[in-house]
Structures are given as C-alpha cells and as structure tokens.
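*Asks:* Here you go, one structure.
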C-alpha cells in the first residue's frame, strides 16, 4: 500500500494536514472505510463513498441530457426512477429560469433586480411568475401595487391553482399573523425590504455572511431562507461574493451528513460541507470517478450542501440500513422528464456562457 506524504492544506480546507491514498487499496488487505477514516477528521460511513458516486453519475446525466433528447440517460435504477436535483444548484430548471428570465432579462437597476428576484423566490414557482407577467406585463417595483398583486394571486388560489413551490415551505407567520392568506404577509414583507432599501445595504455588506445576517433579521426569514435568498441575489450584479465564502446547511443536508458520517470529528455541519468541498478532486480520484465539472467550475459550498440533501434521499433506497435524523425511508418524488429543453445560461460573471454557446459539451 502506497501512502502520500503529509500535505499542507489550502486556505479552503478545514484541517491543517491529512493523508491520501495514492493507489487503490486491495479489498483483501484493509477495508476501504478504514483507509478513508485515517484521512478525515470525521468518521465516514458507507454512504460517504455513495455521496461521490451519486455526484459523478448525476452530473453525467446532466450532460447526457444535453447530448441526447430521449431517456434513459443512466443505468442507475434509483436515478432512473426518482427525481433528484442537479449537482450544481444553478443548473436546476427554476434557478435557470430565475437567472435568465428574471434577473438578467430586464432593467439592471439594483432596486428592480432585488424586487424581481425576491418576488420570484418567495413563490419559487415559474407558473406564478408567468401569471404575474401575463397580468402586468413587465414586473417592476415602480408599477407595483399591493392590491393588484393580491387580487391576481388570491384569484389564482380560489380557482384551485398552487402559487407556491413544493420545494420548500414558506412560513405563514403562525396563528398570530394578521393576514388571512400568507401571500399577503410575503408581499408586505417585500414592501418593507424595499422601503428599507435592503438592496443597498446588501451591496455594501463586506461578506456573504453579513449579507445573510441582514436578510435573517427580517420576520419569518430563518437560516434556510436567508441563505437561499443571498445565494440567488449573488447570481445578480448586486452582489459579487465568492460562493466558497459561506455556507448554511439546510435540514436535508444535515440528514445527509449524518448518514455519511457516524462521527463528525469535532466539526459542525458547515465545517463538514467545507471539508468535503475542499476534498472533491482527491475523492473523485480515490474512487476512480470521472466527474465532469460545470465547464471548469468546481462544486461550490452551496452545491455540496445540496448534494448532501439529495444523498439523504438516495440513501433511503441504496442504504436503507443507514438511518438519518428524520428516519424517512421513502423517496416521494418520481422522475418524469420535462419535454421543454433548457438553454443553459449562467451569471455572466462566471465566464461560462461563451463556452456553452460554442456547443462545447464535456
């Protein structure tokens, strides 16, 4: 068995030193899990390797769908049957719509970009955005009216339409809320943010964490929503934080982390996400996996956080013997391909769009 010399870790890595195996360890010599555990501050389970295999295969599906119009795009029986988000958050259908058709399609005035982004993300549903644009044309804060927006959304609810995404639950404000319908509370909350000129305060924030804290200070906005919102606003030109600056684990990610590690080795969940993100190249190499990055863009903290959430679901079928925090045993959503293709387009500041438009597919 050949072992690497001790290597100094970069600024992005959580611990000062670790060891990596150069050559695959024969299964008849030492269990692979023991070799991995010596190189990590936390104690991995069998699901840890599944994390990387899932990421490689899910990203391979992403590119396979771009090359071939018809399924199947994978031989993995779990991925063929069940729905999982992309490895890269910005590649998902709703994020793609937000980036191209909400953030960058209209005025780049910071107030208007902030208003459009938060209005879209409150509902996080393409159909709701298109309902508003069908009624008001160009959605702008300059022409915004609580009564008109409330009327359209209330009518949609009363006709049986869903206006909120099922991806996550927006808080209602509880029984003490003065609003009979929660969309009215959310419109009022957005109005307050606009009056506070929150977009200016966010732009002046010295770090992603400080911008997160500003969003977190508003009523009903918890850690999860504040992190999602600051990430979405960071796609725009209002903010320009490195996605490696800061991460907040969501409930699903915490469950996935507990399945991947039997002991966190003194790290918190955010530290685990950072450690895993820093180790991505070494882990893909260790497992002999060919991971196709996003046109050269490595997985960021938000992406590895999301993969933990997806692996939590994947492991319910792949590793039913490994229980997480919630104890859930089924994957609810089945995969159903959407006929409408996506012309992938990312924040221009990432420098990816020319490569995509040239037809380059890894």
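The values are calculated or read from the model by the stated rules, or taken from the named source; none is laboratory data. Because the structure is a prediction, the values reported are computed rather than measured. Please note: Cβ atoms are built from the backbone with ideal geometry, for glycine as well, and neighbour counts cover all protein chains shown.
*Asks:* Testing residue 41 on (1) modelled with pLDDT under 95; (2) farther than 18 Å from residue 361 by Cα; (3) part of a helix (DSSP H, G or I), one condition comes back false. Which one is that?
*Replies:* Here residue 41 clears every test but (3).
*Asks:* Under the condition of being closer than 14 Å to residue 338 by Cα and touching a helix residue (DSSP H, G or I) at 6+ places or on another chain (Cβ under 9 Å), which residue from the range 67-80 is surrounded by the most Cβ atoms within 10 Å (Cβ to Cβ)?
*Replies:* It comes out as 73.
*Asks:* Report every pair of residues separated by at least 6 positions or lying on different chains whose Cβ atoms are under 6 Å apart, first residue within the range 173-187 and modelled with pLDDT under 80, second surrounded by fewer than 18 Cβ atoms within 10 Å (Cβ to Cβ).
*Replies:* 173/220
*Asks:* Quick one: how many residues across the range 34-66 are surrounded by fewer than 16 Cβ atoms within 10 Å (Cβ to Cβ) and in contact with a strand residue (DSSP E or B) (Cβ under 7 Å, 6 or more places away or on another chain)?
*Replies:* Summing the residues that are surrounded by fewer than 16 Cβ atoms within 10 Å (Cβ to Cβ) and in contact with a strand residue (DSSP E or B) (Cβ under 7 Å, 6 or more places away or on another chain) in the range 34-66 gives 1.
*Asks:* Please work out which residue is nearest to residue 80 (Cα to Cα), limiting yourself to the range 333-343 and to residues that are part of a loop (DSSP other than H, G, I, E, B) and in contact with a strand residue (DSSP E or B) (Cβ under 9 Å, 6 or more places away or on another chain).
*Replies:* Out of the qualifying residues, it is 335.
*Asks:* Continuing with the same structure: Here is a list: 338, 356, 342. Which entry is touching a residue at least 40 places away in the same chain (Cβ under 8 Å), under 22 Å from residue 73 (Cβ atoms) and surrounded by fewer than 11 Cβ atoms within 10 Å (Cβ to Cβ)?
*Replies:* Within the list 338, 356, 342, the selection yields 338.
Rundown of residues vs (1) part of a loop (DSSP other than H, G, I, E, B); (2) touching a helix residue (DSSP H, G or I) at 6+ places or on another chain (Cβ under 8 Å), yes/no style:
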site: 256; (1), (2): no, yes
site: 281; (1), (2): no, no
site: 292; (1), (2): yes, yes
site: 309; (1), (2): no, yes
site: 317; (1), (2): no, yes
site: 321; (1), (2): yes, no
site: 362; (1), (2): yes, yes
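*Asks:* If you don't mind, there's one more thing I want to ask. Out of 247, 276, which single residue is in contact (Cβ under 8 Å) with a residue 40 or more places away in the chain, in a loop (DSSP other than H, G, I, E, B) and buried (at least 22 other Cβ atoms within 10 Å of the Cβ)?
*Replies:* 247
A quick yes/no check of all residues on (1) touching a helix residue (DSSP H, G or I) at 6+ places or on another chain (Cβ under 9 Å); (2) modelled with pLDDT of 95 or more; (3) under 20 Å from residue 293 (Cα atoms):
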| site | (1), (2), (3) |
| --- | --- |
| 84 | yes, yes, yes |
| 95 | yes, yes, yes |
| 103 | yes, yes, no |
| 128 | yes, yes, no |
| 146 | yes, yes, no |
| 149 | yes, yes, no |
| 153 | yes, yes, no |
| 166 | no, no, no |
